[in-house]
Each structure stands twice: as structure tokens, then as C-alpha cells.
Amino acid sequence: MNPNTAAQPASFKPANTANEILVRASDLPVYCPRGDEMLWNAHPRVYIHLENPGDAARCIYCSAVYRLTE
């Protein structure tokens, strides 16, 4: 366990607390959990398949929904 997380657990948010995460084509390929999450190692990395604007896919581990915008 990260000692910084253990020392101040209230200052860290759980991974993927947002229900829907909007991504752009420039963000592809998309994976969960994202690198900008405080707990980036909350579960194994899963690549999210998004191809066309409007496509949406759910992470099998944390249920975060990723949606590709235009």
C-alpha cells in the first residue's frame, strides 16, 4: 500500500467516481483506470474499445462508462 494514501486516506478519491467519462478521439486509445486517477492501480488496466463518436463502453471492473465525443 502506498504510505501516502495510508497516511491521508480522506484526501484521495476512489478511482473513477464519475459515472460517465467523456473522451475525444485525440485521447484514444482509452484505458481504465486512467493515469490521472489518484488510485490509478485500483484494478487491472482494461482497454476500452471506442471507435465512432457516440460510442460508449463500460469498464468491467469499476463500471465507469466511457463515451467518445466528436
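Bear in mind these aren't lab numbers, they're just calculated from the coordinates by the rules spelled out. Just so you know, these numbers come straight off a predicted model, no measurement behind them. Cβ atoms come from the backbone with ideal geometry, glycine included; neighbour counts cover every protein chain shown.
For the reader, a short list of remarks on this structure follows.
- If you wrap the tightest convex hull around every Cα atom of the range 19-68 and split its volume per residue, you get 69 Å³.
- In range of the label at Asp36: residues from the range 48-70 whose backbone nitrogen is under 13 Å from the point 7 Å along Cα→Cβ: none
- Taken about its Cα centre, the range 19-68 carries a charge dipole of about 80 debye when Lys and Arg each add +1 at the Cβ and Asp and Glu each add -1 at the Cβ.
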